[in-house]
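Read-outs: derived from the displayed coordinates by stated rules, not from any lab. Bear in mind the structure is a predicted one, so any value in this text is a computation, not a measurement. With ideal geometry, Cβ positions are generated from the backbone for all residues, glycine too; neighbour counts draw on all protein chains shown.
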Amino acid sequence: MESRLNYFGHPLAGKVLRHINSASKLVADSTLPAATQELVKIRASQINGCGFCTDMHTKDAAHAGETMQRLHLVAAWREATVFTDAERAALELAEQGTRTADAAGGVTDEAWANAAKYYDEDQLVSLVSLIAVINAYNRINVIIQQPAGDYQPGQFG
């Protein structure tokens, strides 16, 4: 399988990606727990059908010490007992923030209030930004059909 477009090698795409990557770096350096960040990126990528990002973030999470049990259960987090209440709140916000077309109301007040119980304002800003950024990456990769499976942890720095 080949990508429809050499997006990552194109000069204009490089400029666009520098901005998205800068936003991603700000979130990565925030106080939002790194494990939560990876779980959110994995779940949004699963929902969006982005194999490239699902591959990347599951491998990065495993490399950082995340357990295989938790990685295997991200898609079924509601039924799994291995996630904290804070992680569940972040995963719910990620799902609702990713599936905005599925519900006319967008993110519910209940999901927002639940996330606000566990995360301070800076972390909420980071979480909202993370959901937006991973959705942008997912859409690029899905549109160009970026192949998945070959990612190596740390490949992009």
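Here is a yes/no grid of residues against (1) under 20 Å from V16 (Cα atoms); (2) surrounded by 17 or more Cβ atoms within 10 Å (Cβ to Cβ); (3) touching a Gly at 6+ places or on another chain (Cβ under 6 Å):
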| position | (1), (2), (3) |
| --- | --- |
| G105 | no, no, no |
| A113 | no, no, no |
| K117 | no, no, no |
| E121 | no, no, no |
| L124 | no, yes, no |
| Y137 | yes, yes, no |
| I143 | yes, no, no |
| A148 | no, no, yes |
| Q155 | yes, no, no |
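Just so you know, in the stretch 48-80 the residues that are among the β-branched types (V, I, T) and surrounded by 19 or more Cβ atoms within 10 Å (Cβ to Cβ) include one that is nearest to E121 (Cα to Cα), and it is V74. Just one of (1) under 16 Å from F156 (Cβ atoms); (2) in contact (Cβ under 8 Å) with a residue 40 or more places away in the chain; (3) not aromatic (F, W, Y) fails for T58. It is (2).
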